[in-house]
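Single-structure report; data block below.
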Amino acid sequence: DAICNFVICNDSSLRSQPIIFNPDFFVEKLRHEKPEVFTELVVSNITRLIDLPGAELAQLMGEEDPKLPGANSTASGFFRSLMSLKRKEKGVVFGSPLTEEGIAQVSQLIEYLHKNLRAEGLFRVPGNSIRQQILKDALNSGTDIDLDSGEFHSNDVATLLKMFLGELPEPLLTHKHFHAHLKIADLTLFDEKGNKTSTPDKERQIEALQLLFLILPAPNRSLLKLLLDLLYQTAKKQDKNKMSAHNLALMFAPHILWPRNVTANDLQENITKLNNGVTFMIKHSQKLFKAPVYIRECARLHYLGSRAHTSKDDLDLLTSSGSKELQPLKSQKRSRLDSCHQEETQQRTEEALKELFLHVHNMPDSAKKKKLIRQFNKHPAALTPGSDVPTSPAPRRTRSRSFSGLIKRKVLGTPVILERKSRDSTPEPVRVSKENVQLLQKCGSPAHMSQAKLKSLESQKEGSCRRMRARLLSKDSSSL
């Protein structure tokens with residue numbers, strides 16, 4: 001009953017082999033450890049897809065005995081009694097309830113048929129009854145059988161496989177699931193106006209069969225998977241064996257789906273549904289034994305999450321809300337990463353600047369060293385990434401320490417900034433002092449005045465300043 005075995009392999013040659021991950025691990029774990037929770041989870045989603053009345057739902061859950069067609073009918077009593085007499089002779093394999101030992105014996109037949117799928121009329125043409133009885137006795141006794149010896153024909157093996165399925169106490173798909181299969185066959189598409197059409201809804205049918213197969217007994221599910229895979233491969237070679245999926249369904253529907261002790265008259269109009277249902281199972285057998293994604297997620301959340309979600313709608317809501325919550329979390333994580341990156345970069349830059357400053361400090365005294373130190377002292381923060389761009393300081397008022405400068409500040413009130421002549425060939429604009437504003441307004445804008453005229457105005461101003469300075473000096477000397 002172990003779900004998973006952990007093996008420590010010390011062989012280095014096998015370590016490079018790919019690891020096989022079972023996506024249904026939590027599904028199987030929930031099925032074995034908590035079968036009631038698992039059944040409730042699956043059945044709740046089955047009833048979401050198909051409409052099962054209370055009695056049929058109770059039969060599916062195993063709370064009531066299944067009510068099958070023809071159970072109260074007295075017609076065809078002879079045929080029912082004949083079929084029941086055939087099943088009274090129970091052996092180890094044939095006529096007994098399905099067991100793992102019986103599946104192991106029958107799997108030999110299935111493996112042999114996989115190698116002989118080209119026989120024309122396979123499963124339709126009966127084999128030799130004597131060889132079939134010999135083979136049946138060998139399987140019941142548990143002796144080893146060499147089917148490849150040539151003693152048996154592929155038709156003998158195919159007929160014996162059908163015989164084994166027909167002699168089971170109940171069909172492979174069980175009596176409890178009979179009404180559910182009838183409802184699945186009725187799943188059809190809806191038109192734009194919401195009216196039911198006659199087109200089968202294949203996606204819903206596959207989903208419903210996936211769920212229904214999940215709650216089959218483990219031996220039934222194992223043998224059903226082997227059988228449907230064999231029939232699927234047989235139908236793929238119908239150009240050789242002349243057996244399509246529909247022809248195979250006609251051969252196997254009475255053995256795996258029809259209730260026991262019933263005849264075709266008991267089923268009446270349901271025969272077509274049942275045959276079409278088995279045809280559908282054969283065609284889509286490669287998809288039917290995978291648990292739906294939402295069942296996997298619900299089983300995983302049951303063990304790893306805070307609470308288990310019991311339907312596909314709950315899982316959709318969880319996914320949508322989770323995606324919305326992830327967006328702010330992603331932005332917060334991104335901002336934290338950016339801030340950490342900036343701090344790390346700034347720290348590295350500061351360390352590099354310290355090393356550079358020590359290198360400059362250890363240099364011999366020279367004009368270049370003094371210049372570099374002045375640059376460090378002038379812009380200490382401009383070389384660090386992430387710091388604000390240093391704003392240019394407000395220009396200080398240049399104060400002259402000479403005596404003439406003192407006289408200018410007292411007399412004029414504002415310092416007069418004289419522009420030095422540029423050494424370059426391109427002339428620089430001459431700054432106009434505050435006292436010449438009136439003259440400029442009278443003469444026009446600076447753009448219409450020549451540079452020579454502006455210089456003459458400045459020279460006149462300087463002459464008046466020198467004369468005023470001479471007068472002040474003469475007064476100071478006389479007072480002394």
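Out of all the residues in the range 286-317, which are aliphatic (A, V, I, L, M) and either modelled with pLDDT of 55 or more or open to solvent by less than 20 Å² (accessible area, probe 1.4 Å) (or both)? Break it down stepwise before answering.
Quick first cut of the range 286-317, residues aliphatic (A, V, I, L, M) only: 288, 291, 293, 295, 299, 301, 304, 308, 315, 317.
Within the range 286-317, Leu288, Ala291, Val293, Ile295, Ala299, Leu301, Leu304, Leu315 meet the criteria.
Residue check: is Glu207 open to solvent by 50 Å² or more (accessible area, probe 1.4 Å) and out of contact with any helix residue (DSSP H, G or I) (no Cβ under 6 Å at 6 or more places or on another chain)?
On the way: open to solvent by 50 Å² or more (accessible area, probe 1.4 Å): no; out of contact with any helix residue (DSSP H, G or I) (no Cβ under 6 Å at 6 or more places or on another chain): yes.
No.
Go through the range 60-72 and report how many residues are open to solvent by 50 Å² or more (accessible area, probe 1.4 Å) and at pLDDT below 85. Write out each step before concluding.
Step one: of the range 60-72, the residues open to solvent by 50 Å² or more (accessible area, probe 1.4 Å) are 61, 63-65, 67, 71-72.
From what's left, at pLDDT below 85: 63, 67, 71-72.
Total meeting the criteria: 4.
Would the range 173-191 turn up any residue that is in a loop (DSSP other than H, G, I, E, B), without any contact (Cβ under 8 Å) to a residue 24 or more places away in the chain, open to solvent by 10 Å² or more (accessible area, probe 1.4 Å) and over 27 Å from Arg48 (Cα atoms)?
Here is the first cut: in the range 173-191, the residues in a loop (DSSP other than H, G, I, E, B) are 173-177, 186-187, 191.
Those left that are additionally without any contact (Cβ under 8 Å) to a residue 24 or more places away in the chain: 191.
Filter once more, keeping what is open to solvent by 10 Å² or more (accessible area, probe 1.4 Å): 191.
Within this subset, residues satisfying the condition of being over 27 Å from Arg48 (Cα atoms) are none.
The answer is no, given that none of the residues of the range 173-191 is in a loop (DSSP other than H, G, I, E, B), without any contact (Cβ under 8 Å) to a residue 24 or more places away in the chain, open to solvent by 10 Å² or more (accessible area, probe 1.4 Å) and over 27 Å from Arg48 (Cα atoms).
Yes/no matrix, rows are residues, columns are (1) over 47 Å from the mean Cα position of the chain (by Cα); (2) modelled with pLDDT under 90; (3) in a helix (DSSP H, G or I):
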position	(1), (2), (3)
Ser81	yes, yes, yes
Lys90	yes, yes, no
Ile110	no, no, yes
Leu113	no, no, yes
Gly121	no, no, no
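Enumerate the helices (runs of 4 or more DSSP H) found wholly within the range 199-257, keeping only those where 3 or more residues are among the polar types (S, T, N, Q).
Helices (runs of 4 or more DSSP H) meeting the threshold: 218-236.
How many residues are open to solvent by 30 Å² or more (accessible area, probe 1.4 Å) and out of contact with any Leu (no Cβ under 7 Å at 6 or more places or on another chain) when one looks only at the range 249-265?
Residues meeting the conditions: 6.
Name the pairs whose Cβ atoms lie under 7 Å apart, with the first residue in the range 42-59 and farther than 23 Å from Glu28 by Cβ and open to solvent by less than 20 Å² (accessible area, probe 1.4 Å), the second modelled with pLDDT of 90 or more and not in a helix (DSSP H, G or I), and 6 or more positions between them or separate chains?
Matching pairs, first to second residue: Ile50/Leu187; Gln59/Lys176.
Can you tell which of Leu212, Leu189 is at pLDDT 95 or above and either in the same structural domain as His32 (by the TED database) or within 19 Å of Arg296 (Cα to Cα) (or both)?
Of the residues listed, the single one that is at pLDDT 95 or above and either in the same structural domain as His32 (by the TED database) or within 19 Å of Arg296 (Cα to Cα) (or both) is Leu212.
Which members of the range 128-140 meet the condition of being among the polar types (S, T, N, Q) and within 51 Å of the chain's Cα centre (by Cα)?
Asn140
Can you tell me which residue among Lys136, Lys115 is charged (D, E, K, R), open to solvent by less than 70 Å² (accessible area, probe 1.4 Å) and more than 29 Å from Glu207 (Cβ to Cβ)?
Working: Lys115 fails: open to solvent by less than 70 Å² (accessible area, probe 1.4 Å).
Matching residue, one of Lys136, Lys115: Lys136.
Does Ser244 qualify as being hydroxyl-bearing (Ser, Thr, Tyr) and under 34 Å from the mean Cα position of the chain (by Cα)?
Values: hydroxyl-bearing (Ser, Thr, Tyr): yes; under 34 Å from the mean Cα position of the chain (by Cα): no.
Judged against the criteria, Ser244 is not a match.
Do you know which of the residues in the range 123-133 that are over 18 Å from Asp148 (Cβ atoms) and part of a loop (DSSP other than H, G, I, E, B) is most open to solvent (accessible area, probe 1.4 Å)?
Of all residues in the range 123-133, those over 18 Å from Asp148 (Cβ atoms) come to 123-126, 129-130, 133.
Still in the running and part of a loop (DSSP other than H, G, I, E, B): 123-126.
Working: Phe123: 2, Arg124: 126, Val125: 54, Pro126: 98 Å².
Step by step, filter the range 123-133, then rank; the result is Arg124.
List pairs: first residue in the range 114-135 and in contact (Cβ under 8 Å) with a residue 24 or more places away in the chain and among the small types (Gly, Ala, Ser), second residue part of a loop (DSSP other than H, G, I, E, B) and surrounded by 12 or more Cβ atoms within 10 Å (Cβ to Cβ) anywhere in the structure, Cβ distance under 9 angstrom, at least six positions apart or on different chains.
Here the result reads Ala119/Val125; Ala119/His153; Gly121/Lys242; Gly121/Met243; Gly127/Phe152; Gly127/His153, each pair linking the range 114-135 to a residue that is part of a loop (DSSP other than H, G, I, E, B) and surrounded by 12 or more Cβ atoms within 10 Å (Cβ to Cβ).
For Lys162, only one of the following conditions fails: (1) part of a helix (DSSP H, G or I); (2) buried (at least 18 other Cβ atoms within 10 Å of the Cβ). What is its number?
Every condition holds for Lys162 apart from (2).
The values are calculated or read from the model by the stated rules, or taken from the named source; none is laboratory data. Just so it is clear, the structure is predicted and the values come from calculations on it, not from any experiment. Don't worry about glycine lacking a Cβ; one is built from the backbone with ideal geometry, like all the others, and counts go over all protein chains shown. SASA here: full protein model, heavy atoms, side chains in, ligands and nucleic acids out. Shrake-Rupley method; radii C 1.70, N 1.55, O 1.52, S 1.80 Å.
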